[in-house]
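These notes are about the structure you will find just below.
The values are calculated or read from the model by the stated rules, or taken from the named source; none is laboratory data. In this text, all values refer to a predicted model and were calculated from it rather than measured experimentally. When we count neighbours, we look across all protein chains shown, and the Cβ atoms used for this are built from the backbone with ideal geometry, even at glycine. When the accessible area is computed, the model is the full protein with side chains, heavy atoms only, and any ligands, DNA or RNA have been set aside. Shrake-Rupley method; radii C 1.70, N 1.55, O 1.52, S 1.80 Å.
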Amino acid sequence: MAHQAHGAHESGSVRRRRHDSPFFRSKFRVPASPHHFVRRPRLVRLLDDLSDYPVTALIAPAGAGKTALAADWIRHADRRAVWLALDDNDRDPQQLMTALAATVDQLVPGCAESTMSVLRRPHEPEDAVRALVDALEGADADPAVLVIDDVHLIDDEPSASSTLASFIEHKPAWLYLLLVSRRQLKLPVDRLRAGGELADLTFDALRFSDSEAMEMLSGLCPELPPEELPEVARWAGGWAAALQLVALAVRSQRTPWVPDPDLEKEAPAGTGRLVDEYLWHEVLAAERPELIDILLAVSVVERVNYPLAEALTGRPEAGDVLAEAERRGLFVTALESGGWFEVHALVRELLLAELERRWPEGLQERHARAARWFETADDSTSAVEHWLAAGMHREALRLLADLVVDLFESGRETTIHRMIAGISPNFPESDVDALIEFAWCQLHVDRPSFEIALTAAESAAPADAAGAGRLMVLRAASAIHSGDGGRCDHLARAALDTMGEVRLDSLGRFGWSLVAQSIALDERWLDSAPEVGQVRLGLSRDARRSIALEGTRAVGLALAGHPLDALETSAGVRQTANAEDMRSLRTELSLAEAIATRELGDREQARHLLERLSAQSSYPLVFVQVLAQLELVELHLSDGDVDDAETVFGAATETCERHYNGPGAISGLARRGVLLGLARRDLDAAARWSQRIEDPFWRPLSDARIELADRRFTEAAEALALAVPRSVRHQVISHLMLARTLRDGQRGSAEKEVASAAEIAAEQGMLQTVGSEGLELLDLLELAAWRVPEGWMRRLRHVVVGSEDLRASPGVLIDELTQRERDVLRLLPTRLTVREIAGELFVSRNTVKFHLRVIYQKLGVNSRPEAVDTARKLGLLRSH
């Protein structure tokens, strides 16, 4: 069954998200009142009184009755209430915020969406908290209660506890919190108390009074003589677990209770000898063996339903036995709906310890059964946890290798780290697949550990083509992480050729993603290119990776000079990226949007996106942070902010030196170093940076920039001749650079180069590239204006170049008029219409309109009267 589930995951179907699983949803179920439950009105009234405080905490050891009291109170409260039982998975802040959002969504339907959208993109934990709080603050909600049980399970994980503390401190006023924990909360308790924000109840308040204790005892074991009740109650010290244990012991043995003077007289804070002795020697000693076996078996899981109980025990009646145990008060609690049960946490700990003492192999076998059940139920995260607890590291690694992408994409690196830490990396060299899968898992969360694991995998010899290909994919990933896109491209293609169709699992298909990233970062993305078609075909069987490819495509289009297509691509998949757990896709889309909006002249939007991407690590998409920093350098330079550009360039240099120092990365950094040197008029520094560029297009082009700055036009043209464009953006830059070398000596040729650049740029929507590269060619750009759409030219003038009007001042002729243009100009002072002028000259009306546009451009005017006036001033027309 486990292998069937594994195969289903490889089919390309989208895995069920953890918060959709029945096991996850059982966290929201309020524990039902156990049989023989003793209501404690005094504590219920006390909780009523304390509900004037925004937060109340129930702090007491296990078995003190905290959960039962909280559940009873919210059942009788006059306000809406929801319940969240934390577990070990909530130690991951991403999982914790998912659980919190899903819980309060029951109070304010739809409020979780904003939180989930934050969790689906790069964020700080505080961002998700703020999104959830903002959504709750904006809701017109009646007072409500949120109970968070078992808070102690996350209080030793700083990131999770600080996330919860932030939510508690900023929650809306209408939401009352009741926190249940075994230990003091990791909150600024003193400050909250002093501010009237927090009230707490400790074990002293939760102790059973004599009357409450005797009511519980008489209900649990009515055969106990009434005269003995006070003595038993005093011995238990008001501790609910001790009362229940001793009552069950008396009931089971059907003998008068005589306190053992050697036993502890006070309630211990944990699982002490008192509970252990009574549970095994008194309470369960008289129970039938099959009930005890079932309790032992189900103790390996936090919650259990009928099918899971059967899987763990091998007994079809296991669920019915648990229901019986719940009716008899044997520390089993039925959740309110769904057929789920919980064994009391304290008793569960003792059952686990006893199972390990009696039968350690049986404990591991029960965990293995749980793992198989969860894997079949498509709750792979829980399955990995149980494979680890079973000591079956190879099975855990097999499943984690299939699951790791989903965990990473949903932002659960803490969970990945914890799972990897539980897996022994000491696999034999003969198990090459294990070594490769271990490196694959490390790849997503920690580069140094990945490189160590990759080295270990490389030391073994793969036995087949599939293993050799998968190892090459990891080498390709290592290359692109270091900024060596060329080597990545070569290795990834070789890996795919080696594997063929033998075994393209999730790691193998990742090879196509690496090829796509290499193409995009090499600025040669073209949708119609055969190599892009190969990538699409290679990923066509994997729906999720096909969607993810759109992020790489958007980046490739933006870098290659197709900003409109990049934004269209991003818009087409942004909703899917936000709706699904696809963090890498969202990151790439953000980068593409930043580059494209800057190209289209929206500096402020681009600045906002680039600054956010520059400030945070994007591992394992290392290139995102570096590219954002380098694009931000260019943005500052285009604004004339050389000092700011140098500051960001310093940060980019540090990032490259530490994490991203391959030839492609250094070439990208050096390109901006050249620009910065030229902005500082430091040609020597620019030349040193140019020498570090290995890119066959950008190296000669950077050399040409330096020659132009030194007004060495012939040498600049010679350098440009060596630059071979790979994209339309390269073509535009080449045309404009060549025009600069030709302008003084061959103006006509320069005009043609500028016109070619303008036509290509306008067709693709490029503006910033033309504005940055063509600042010295504005007059020639105006001459080419008639060749491009007026809207594009207007944006070039107003948005990118930053001038209201770049036309020549009236009284200055930009270029000589042709004879036909002079003929048209001669007729402008008359009252002839355009149609009549066309008739006079024996040409079409459109031809006259064309000549008018060129005349206006050359005269630097906007209308017919202005053209006549300017032409007279220039002596082109006779004055009347």
On the formula 1/(1 + (r/R0)^6), with r taken between the Cβ atoms of Ala571 and Ser209 and R0 of 60 Å, the FRET efficiency rounded to 0.05 is 0.40
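Do you know the Lys pair count in the chain for C-alpha distances under 19 Å, with sequence separation 8 or more or different chains? Could you put the intermediate results ahead of the total?
Working: Lys27/Lys66; Lys66/Lys186; Lys171/Lys186; Lys752/Lys858; Lys849/Lys858; Lys858/Lys873.
Here the count comes out as 6.
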Mean accessible area per residue over the stretch 320-479 (1.4 angstrom probe, all protein chains present, square angstrom) is 35 Å²
Got a number for carbon plus sulfur as a percent of the chain's accessible area, 1.4 Å probe? 50 percent
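Run lengths n ≥ 4 of DSSP H only: what is the helix-derived mean residue ellipticity at 222 nm for the chain, with -39500 (n - 2.57) per run over all residues, to the nearest 500?
-19000 deg cm²/dmol
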Sorting check: for 753-763, 551-561, which peptide has the highest mean count of neighbouring beta carbons within 10 Å, and how do the rest follow? 551-561, 753-763
Alpha carbon centroid spacing (whole Å) that separates the stretch 177-200 from the stretch 526-558: 52 Å
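By per-residue mean of other Cβ atoms within 10 Å, what is the highest-first order of 87-97, 145-155? Write out the running numbers ahead of the final one.
Details: 87-97: 24.2, 145-155: 22.5.
Going by the mean number of other Cβ atoms within 10 Å, highest first, we get 87-97, 145-155.
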In 20 Å bins starting at zero, report the fraction of Cα pairs in the chain per bin as a rounded %. 13, 34, 27, 16, 7, 2, 0
Can you give me the long-range amide H partners of Ala81? Hydrogens built in the peptide plane at 1.01 Å from N, cutoff under 5 Å, separation of 5 or more residues or another chain. Val145
With labels modelled as points extended 7 Å from the Cα through the Cβ direction, what inter-label distance (nm, one decimal) is found for Asp134 paired with Thr833? 5.7 nm
Relative to the longest principal axis of the chain, what angle (0 to 90°, nearest 10) does the C-alpha long axis of helix 465-481 take? 70 degrees
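Ala141 to Glu169: FRET efficiency via 1/(1 + (r/R0)^6), r the Cβ-Cβ distance, R0 22 Å, to the nearest 0.05?
Numbers: r = 19 Å, r/R0 = 0.86.
It comes out at approximately 0.70.
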Report the antiparallel proportion of the DSSP beta bridges in the chain as a percent, rounded to a multiple of 5. 25 percent
Set Lys and Arg Cβ to +1 and Asp and Glu Cβ to -1, take the dipole of the chain about its Cα centre, and tell me which of Ala651, Leu397, Leu783 lies farthest positive. Leu783
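With N set to the number of residues, divide the alpha-carbon radius of gyration of the stretch 592-642 by 2.2 N^0.38 Å and report two decimals. Don't skip to the answer; put the middle values down first.
Values: Rg = 10.4 Å, N = 51, 2.2 N^0.38 = 9.8 Å.
Computed over Cα atoms of the stretch 592-642, the ratio equals 1.06.
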Solvent exposure ordering (accessible area, 1.4 Å, most first) of Phe438, Phe842: Phe842, Phe438
With angles folded into 0 to 90 degrees, how steeply does helix 360-376 sit against the dominant principal axis of the chain? Use alpha carbons for both and round to 10. 50 degrees
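Whole-Å semi-axes of the stretch 425-537's equivalent ellipsoid, largest first, each the root of 5 times a Cα gyration tensor eigenvalue?
On the way: eigenvalues 126, 50, 19 Å².
Calculated on Cα positions only, the semi-axes equal 25, 16, 10 Å.
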What are the ³J(HN,Hα) couplings of the stretch 95-107, residue after residue, when phi is run through the Karplus curve with 6.51, -1.76, 1.60 and θ = phi - 60°? Round to Hz, x for glycine and proline. 5, 4, 5, 4, 5, 4, 5, 5, 6, 6, 4, 5, 8
Using a 1.4 Å probe and ignoring any ligands, DNA or RNA, find the accessible area of Glu776 and quote it in Å² to the nearest 10. 110 Å²
If you wrap a convex hull around the Cα atoms of the stretch 92-199, how much volume per residue is inside, in Å³? 96 Å³
Output ³J(HN,Hα) for the stretch 225-230: one whole-Hz value per residue in order, computed from phi by the Karplus curve 6.51 cos²θ - 1.76 cosθ + 1.60 with θ = phi - 60°, and x for Gly and Pro. x, x, 5, 8, 4, x
Taking placed amide H atoms and a strict 5 Å upper bound, the residues 5 or more places from Asp200 or on another chain that come that close are Ala57
